[in-house]
Amino acid sequence: MNSSGKLEESYGTLWQTIAGLKAAGYSKDFNIKDNCAVCEGIDKPLSPDEFIIDKVYRFEGETNPDDESVLYAISARNYDLQGVLVNGYGPSANAETSDFISRLETKATESQKDIHYNEATDLRPEGDRLLNAPLVKVRLEENIEILKGEKAWQEKDHSAITVFKSETKTAVLIGFHKDGILKTHTAPGNASLMVVKGKVKFRTDKKEIELAEMDVAFFDATIPHSLIAKEESFVLLTIFLNKKR
C-alpha cells in the first residue's frame, strides 16, 4: 500500500494528478451519497470515520473562478482502499462533499493544505504553475515572457496572468501595449499597483498620477480607478481580500 510520504507535491493539472495518483495506487473514484463514500467495486457505502486524507491538491482555472477545484487522496486502511475525491473550491464546493471531508481525520499538514497550482487551460496549457504555498517565489520576467507569447497579447490592448492567489491575497501581472486601457472599476479589496516596466497614468475620480518603473500606488477598495499605458508597460496588481484564512 502506498503512503502519503511517497506522493508527489505536484503532478501537473487536475487530470494529470488524478492519473498520477491512480498510478500510485489511489485507484478508486469516490463519490459522496448520504454522507457516505461510494464507488464501483465496493459492496457497501463507507462512513467518513473509515477514511483519512493522505494528500490535498488545489487547482485554479485561469479564466473562470468556477473552475477551481480540490483533489483529495484518501485511504480506508481497514478495507485496503485508496482513491480520489474531487470537490469544488469556495462557492463552487459541493455541500455534501465538503461536510464529508470536514469529518475525516487528516494527515495533511497545514502547509500541504495551502499548496495549490493553476489548472491547464487552452490559454495556458502548462497547468503546473504554483499559485499558493507558505513560500512562493515569482519570477516576473518569466511571467512577462509568458504573457507576450500568448495569443491574447497579440489581439488585445492588455493581458493578465495570476501569479499568486490565496483566500486573503491575489497578485496579478498585467501587461499593456502603448495606449492600452484598464477601464474604470473598483477592486474587491484594498490594493497596491507597482509598475514593473514602462510608464502608466493612474486615475481616480479625484486625482491623476503618473507611475514609472518601480513606482507603487496604494489605494482603497472604495476608490473607482482606471489606467492608461503611456508605453508598453507591465504592472503588478496586488489585492488584499477581507477574508480569514
I need the full set of residues from the range 228-242 which are assigned to a strand (DSSP E or B) and more than 21 Å from Lys169 (Cα to Cα), in order please. Ile228, Ala229, Ser233
Subset of the range 185-221, residues β-branched (Val, Ile, Thr), closer than 21 Å to Leu241 by Cβ and assigned to a strand (DSSP E or B), comes to Thr204, Val216
Somewhere in the range 183-200, is a residue open to solvent by less than 10 Å² (accessible area, probe 1.4 Å), more than 28 Å from Glu68 (Cβ to Cβ) and touching a Ser or Thr at 6+ places or on another chain (Cβ under 9 Å)? yes
Residue list for the range 140-149, restricted to those being under 21 Å from the mean Cα position of the chain (by Cα) and surrounded by fewer than 16 Cβ atoms within 10 Å (Cβ to Cβ): Leu140, Glu141, Glu142, Glu145
Six or more apart or on different chains, Cβ under 8 Å: which pairs go from a residue in the range 209-232 that's open to solvent by less than 80 Å² (accessible area, probe 1.4 Å) to one that's of a type in the set (A, V, I, L, M) and not in a strand (DSSP E or B)? Could you list them? Phe219/Ala187; Ala221/Ala187; His225/Ala187
Scan the range 60-73 for residues that are at pLDDT below 85 and assigned to a strand (DSSP E or B) and jot them down. Glu60, Gly61
By residue number, the members of the range 28-49 that are under 25 Å from Glu68 (Cβ atoms) and either among the polar types (S, T, N, Q) or outside any loop (DSSP other than H, G, I, E, B) (or both) are Lys28, Asp29, Asn31, Ile32, Lys33, Asn35, Ala37, Val38, Pro48
Could we say that Arg203 is under 22 Å from the mean Cα position of the chain (by Cα) and either modelled with pLDDT under 95 or open to solvent by 60 Å² or more (accessible area, probe 1.4 Å) (or both) here? no
When the range 154-182 is checked residue by residue, the ones that are more than 20 Å from Ser226 (Cβ to Cβ), of a type outside the set (Asp, Glu) and either open to solvent by 50 Å² or more (accessible area, probe 1.4 Å) or touching a His at 6+ places or on another chain (Cβ under 8 Å) (or both) are Gln154, Lys165, Lys169
Looking only at the range 117-135, decide whether some residue is modelled with pLDDT under 95, basic (Lys, Arg) and either touching a Ser or Thr at 6+ places or on another chain (Cβ under 7 Å) or open to solvent by 60 Å² or more (accessible area, probe 1.4 Å) (or both). no
Selection within the range 81-103 - out of contact with any Cys (no Cβ under 9 Å at 6 or more places or on another chain), part of a helix (DSSP H, G or I) and not β-branched (Val, Ile, Thr): Gly90, Pro91, Ser92, Ala95, Glu96, Ser98, Asp99, Ser102
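The values are calculated or read from the model by the stated rules, or taken from the named source; none is laboratory data. Because the structure is a prediction, the values reported are computed rather than measured. In this analysis, Cβ positions are derived from the backbone assuming ideal geometry, glycine residues included, and neighbour counts consider all displayed protein chains. Areas reflect the complete protein model, heavy atoms only, side chains present, ligands, DNA and RNA absent. Shrake-Rupley method; radii C 1.70, N 1.55, O 1.52, S 1.80 Å.
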